[in-house]
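See structure below.
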Amino acid sequence: MRELTFKGYLEQQLCELSDCQSKSLYKFARLAENNARLKDVLCLYLSIYVEEKLKDQLTKKYSYLSKNCERLYGKVPEQFDDTLSEYKTIYDNYLNKKNSNKNDDMLKELMQKRIVELKDEKGISNYRIYKELNLNPGNVNAFLKNADVSKVGLNTVRRMLAFVNQ
């Protein structure tokens, strides 16, 4: 799975907050006039990822964008402070979403250890786990024997833990 970029996150947010699957910045700008959250995401996207010519066209046509884009001029997301709190919140939300996979992996590691403990304690084989739960044998073995958390999803790990807990 590809790593989430800030640009990709902003594009997802533009689509989600505008409730349309378009990639048109003009459409977003039209919709953002009455949607403060969409306006903040759009201004952030314009100031970082859009070339000057297009940004100028948009800010001339939609004057409410120009003030916010000026506030962001020359700033990078990592250095947002309290004066740009609405943009800092957007960046922090991106970081949380980006790091959620790492948190899931840490949780899967802890659950793997508990599954192996219970499995050994109760004499349950890997074969029984993947047969009973109808899982891929290679992925289950890689997860249980080698602690390879990339082989299974969090929901699958929860199912395995519930199974060995019975």
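The values are calculated or read from the model by the stated rules, or taken from the named source; none is laboratory data. Here the structure is a predicted model, which is why all the values come from computation and not from measurement. Because the Cβ atoms are built from the backbone with ideal geometry, glycine has one as well, and the counts that use them run over all protein chains shown.
Only one of I115, I48, I124 is among the β-branched types (V, I, T), closer than 30 Å to A142 by Cβ and surrounded by fewer than 18 Cβ atoms within 10 Å (Cβ to Cβ). Can you tell me which? Write out each step before concluding.
On the way: I115 fails: surrounded by fewer than 18 Cβ atoms within 10 Å (Cβ to Cβ); I48 fails: closer than 30 Å to A142 by Cβ.
Answer to the selection: I124.
Looking at M160 and the list (1) closer than 20 Å to N101 by Cα; (2) loosely packed, with under 13 Cβ neighbours inside 10 Å, which single condition is not satisfied?
Unmet for M160, out of (1) closer than 20 Å to N101 by Cα; (2) loosely packed, with under 13 Cβ neighbours inside 10 Å: (2).
Looking only at the range 147-161, which residues are assigned to a helix (DSSP H, G or I) and among the β-branched types (V, I, T)?
Quick first cut of the range 147-161, residues assigned to a helix (DSSP H, G or I) only: 149-151, 154-161.
V149, T156, V157, listed by residue number.
In the range 73-98, which residue that is at pLDDT 85 or above and basic (K, R) is nearest to L46 (Cα to Cα)?
By that ranking, first place goes to K88.
Can you tell me which condition D40 does not meet? The list is (1) within 30 Å of G153 (Cβ to Cβ); (2) acidic (D, E); (3) buried (at least 18 other Cβ atoms within 10 Å of the Cβ), and all the others hold.
Against the list (1) within 30 Å of G153 (Cβ to Cβ); (2) acidic (D, E); (3) buried (at least 18 other Cβ atoms within 10 Å of the Cβ), D40 comes up short only on (1).
Can you pull out the residues in the range 75-110 that are surrounded by 11 or more Cβ atoms within 10 Å (Cβ to Cβ), farther than 22 Å from V152 by Cα and among the hydrophobic types (A, V, I, L, M, F, W, C)?
Selection gives F80, L84, I90, L95.
Tell me yes or no: at least one residue of the range 24-37 is in contact (Cβ under 8 Å) with a residue 40 or more places away in the chain and surrounded by 12 or more Cβ atoms within 10 Å (Cβ to Cβ).
no
Checking Q13 against (1) in a loop (DSSP other than H, G, I, E, B); (2) among the polar types (S, T, N, Q); (3) touching a residue at least 24 places away in the same chain (Cβ under 8 Å), which single condition isn't satisfied?
Here Q13 meets the rest and fails (1).
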